Amino acid sequence: MKRRNLIKGLATTIPAWWLSKSSAAAILNSTKLNGEQIADGPFEPTWNSLKQYKVPAWFQDAKFGIWAHWGAQCQPEHGDWYARGMYEEGSDHYKYHVEKYGHPSKFGFKDVINEWKAENWNPDALVELYKNAGAKYFVAMANHHDNFDNFKSSYQSWNATKYGPKKDLIEGWAKAAKKHGLPFGVSVHASHAWMWYEPSQRSDKTGTFAGIPYDGKLTKTDGKNKWWDGLDPQELYAQNHPLSPDGIDFGTMWNWGGGTNVPSKAYCEKFFNRTVDLINKYQPDIVYFDDTALPLWPISDAGLRIAAYLYNESIKRNGKLQAVLNGKVLDEEQRKCMVWDIERGASNSIEPFEWQTDTCIGGWHYDRRIYNNKSYKTAATVIQTLMDVISKNGNLLLNIPVRGDGSIDELEMAIVKEIGEWMKINNEAVYATRPWKIFGEGPAIQTAAPLNAQGFNEGKGKPLGAEDFRFTTKGNKLYATFFEWPESGKVFIKSLASEKISNVQLLGNNDNIQWQQTADGLAVNLPQKQPCDNAYVLKII
C-alpha cells in the first residue's frame, strides 16, 4: 500500500490527534520516539514493507509448541477473563469473587495481584516436562488484558518483580527454555486494557452496594496507609478516560468501533515502549499478539512499529530473520507479513502460508472446576488436533493451564506425559514435515465447521476415526495418520489408488505388514497388536 493510500485508509477509523500533519508523518517515519527506538534494518512500519517477511525454517519444522498462559488471573483458579468478569454484576466471576474475597468496591483485582505469590513455580521442571512431551518451542504470557506485566518492566509499575510474586517470571521462563534448547516466545495481550477494564469503573445497580463505585475508580491518593500506598490504581486499570456507551457489541469494541472510547496517544506510546522493552530484555523468538492484525490497529501504528522492530532486531542479533510474529483475523495480504494465528480452531484447507492454531486443554486461565469435573481435553484430542493442523501447513500451540501457585495438577501432568509417549513413536510424521497434495480424507471432512472470527470452530465437526486420514510428507515418504484402531484390523486409503508405492510400514511396529494397492486405493492389513494409543501412522514409501 502506498503511503498516501495508507493515510487515506486510516482516516475513517483513527482519532483526530493521529491525523495532524505532524502525526501523519509520525505514522510513516516514527523510527525515533520518546522512550524506545526502532532498530535500523530492512523493515519499515508499514504493511507493504512487512510483506518482505519469510517464516523461518525452525518454525516450519517445529510443528508443536506449549504455552503457559499464566498470570495473576490464575490466582482465584476460576477461569479466563476473571479481572473483567469480577466487575460484571451478577456474572459467574462476580458471584465467586464476592463469596471468596468480598465486594469489588472493597477488594478489587489489584488486591488479587497482591495475593498471588507463585510459591511453587519451577520453570525448569515444567519446561523440561514440555520438551519431553515433544514441544519444539515454548511460549509464556508476558501480560494479559489485566495490564499486569509478568516481567521487570521499565514502563509499567504494576509488574511481577514489584508486586504479587515479586519475581521476574519471563526471565525465569526464558532461562529455562534456553537451558533446554527450546525457542522462546512471549504472548502480549495488554493493548485492550483500555476498554476491557471499563466494568471496573462502574458499580452495582442493585443490592446493598448499589451505586458504590468498584475499586477501578481509586486513585493514588486513596492508597494512604494501605498495602498499595504510593501506587496508582489507574496505571493498572487504565481507566482515566470517559467510558464507552453501554450496549456496544463487545466484538465491535474489540476492534475499537461502534463509538468505543479509543485510547489516547500516551496510552499507545506506552504500549509500544512496554513491548519493545520486553523484546530488548528477553530477546524472544516469538511474539504472539492477542489482537486483530496488530495491537491498536487501525487507530495507531504502534503494532506496525513493534513488528518492524522485532524483525530488524532479529536480523541484527541472528544474522538473518529468525523471529515469528503471531496475529489474528488477518486478511490475505496481512498473512504475508506475519504468521496467522487461529484461536481454538483450524483452517479447512491447506494454507499457502504457515499458520498456527492456539488452543488449551482446559480454560485459558486455570479453572479449578475443570479439574474437579475431570473435563480436560484428552491426549487423543490433542493428537488429533496436531495431525489435522500440520496436514494443512500449520503448527499447534497448546496451553497447559498453570495454577496460581505456579504448578500444574496431576491430571494435566498425565495428559502431557501421554502426549510425550505418543510422540516418541510417531514424531517422524510430525517434525520437519510438509503438507501433501491433499490434507486428508474421510467422513469427518464433510462435517467440518467454518471459522468464526478468531477461529472458534474447534470440536464442532465429527471426531476423527478409523476411516479418517491426515497426510504429511518428508522427502519421498508419505505419512498417513488414522485415529481409531478398526475392529476389522484393516484400513483403506482411497487417495492412494494411483500413487507409486514400494513399501508400507506402521510406525512402532517392527513386523512386516500386508498391503495391496488397487485401482480403488491402498488396503492395509494391520498387525494384531497396536503399537501405541490415540492415533496410528502408516509410513508409505
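Annotations
- Karplus-derived 3J(HN,Hα) values for segment 373-378, using 6.51 cos²θ - 1.76 cosθ + 1.60 with θ = phi - 60°, are 8, 6, 10, 5, 4, 7 Hz; glycine and proline are entered as x.
- Simple spin-label estimate for ASN48 and LYS320 in nanometres, 7 Å along Cα-Cβ: 2.8
- Using alpha-carbon coordinates, inclination of helix 410-426 to the longest axis of the chain, degrees: 40
- Between helix 302-318 and the chain: long-axis angle, C-alpha atoms, 0 to 90°, nearest 10: 60
- Evaluated at q = 0.14, 0.15, 0.20, 0.22 Å⁻¹, a Debye calculation over the C-alpha positions of segment 418-539 (equal weights, vacuum) places log10 I(q)/I(0) at -0.63, -0.72, -1.26, -1.47.
- Multiplying the residue separation of LYS462 and THR447 by 0.36 nm and subtracting their alpha-carbon distance yields 4.8 nm.
- Within the chain, the longest segment free of exposed loop sites, counting GluC sites (Glu not before Pro) that fall outside DSSP classes H, G, I, E and B and have at most 14 other Cβ atoms within 10 Å, spans 120-331.
- Among the trypsin sites (Lys or Arg not before Pro) within segment 173-242, those in coil by DSSP and having at most 13 neighbouring Cβ atoms inside 10 Å are LYS205, LYS224, LYS226.
- Segment LYS100-ASP40, extension gain: residue separation times 0.36 nm, minus the distance between their alpha carbons: 16.5 nm
- Annotation: the antiparallel percentage among DSSP beta bridges lying fully within the chain is about 45.
- The string of couplings for segment 150-167 from the Karplus curve (6.51, -1.76, 1.60, θ = phi - 60°) is 8, 8, 6, 7, 7, 10, 10, 4, 6, 9, 6, 7, 9, 9, x, x, 6, 9 Hz, one whole number per residue in order, with x for Gly and Pro.
- With all pairs of different C-alpha atoms in the average, the Kirkwood value for the hydrodynamic radius of the chain is 24.7 Å.
- Amide H within-cut-off set for LEU506, under 5 Å, with H built and near neighbours excluded: LYS539
- ILE425-LYS205 FRET efficiency (beta carbon distance; Förster radius 41 Å; 0.05 resolution): 0.10
- Per-residue HN-Hα couplings for segment 321-333 [Karplus 6.51, -1.76, 1.60; θ = phi - 60°; Hz; x = Gly/Pro]: 6, 10, 7, 10, 10, 9, x, 10, 6, 8, 7, 4, 6
- Between the Cα long axis of helix 265-282 and the first principal axis of the chain there is an angle of about 50°, rounded to the nearest 10.
- At R0 = 56 Å, FRET efficiency that the Cβ-Cβ distance of ASN114 and ALA519 yields, to 0.05: 0.20
- Trypsin sites (Lys or Arg not before Pro) lying in DSSP loop within segment 418-518, provided at most 14 other Cβ fall within 10 Å: LYS437, LYS460, LYS500
- Net length gained if the chain between SER488 and ARG368 were fully extended (0.36 nm per residue, minus Cα distance): 39.1 nm
- Label-point separation, TRP58 to THR252 (7 Å along Cα→Cβ), nm: 4.4
- Cross-link partners of LYS265 among lysines, defined as those whose alpha carbon lies under 18 angstrom from its own and excluding same-chain residues fewer than eight positions apart: LYS21, LYS32.
- Over the chain, dividing the summed -39,500 (n - 2.57) contributions of all DSSP H runs of at least 4 residues by the number of residues returns a 222 nm mean residue ellipticity of -8000 deg cm²/dmol.
- Pairs of lysines in segment 386-524 whose Cα atoms sit within less than 15 Å of one another amount to 7, provided the residues are eight or more positions apart or on different chains.
- Percentage relative contact order, the chain, counting C-alpha pairs under 8 Å, at least six apart: 17
- Lysine pair count for segment 86-199 [Cα-Cα under 20 Å; pairs on different chains or 8 or more apart]: 29
Just so you know, all these numbers are worked out from the coordinates, no wet-lab data involved. The model shown is predicted, which means the values in this text are computed figures rather than measured ones. Backbone-built Cβ (ideal geometry, glycine too); neighbour counts: all protein chains shown.
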